[in-house]
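Heads up, the thing below is written out as structure tokens.
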Amino acid sequence: MQRIKAGVAVAAVLVVAGCMATTDGERAVIGAATGAVIASATDNDVATGAALGALAGVFCDDLNVPGCIPR
């Protein structure tokens, strides 16, 4: 069950980070904040959620995530 929650959280971070920013730095900050909130809501480690969210935000354009604005 925890893996499903983590997968949903990562997907949500990718979508949110991609829609709101145009640079890697902006997406990293938004991804970190979103990851921390999702981790807290799902009773996971907030620091880990923030780190994963930041990574997801930085690489969403490289992974061709729909809605992610390329640099």
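The numbers here are math on the coordinates, done by the rules we state, and not lab data. Quick caveat: nothing in here was measured; it's all calculated off a predicted structure. A quick note on method: Cβ atoms are made from the backbone with ideal geometry, for glycine too, and the neighbour counts reach across all protein chains shown.
Under 12 Å from the Cβ of Ile38, count the other residues' Cβ atoms, weight Lys and Arg +1, Asp and Glu -1, and hand me the total.
Counting the neighbours of Ile38, the net charge comes to -1.
Taking 0.36 nm per intervening residue step and subtracting the Cα-Cα distance, what contour gain separates Val65 from Thr22 on full extension?
Length gained, Val65 through Thr22: 14.1 nm.
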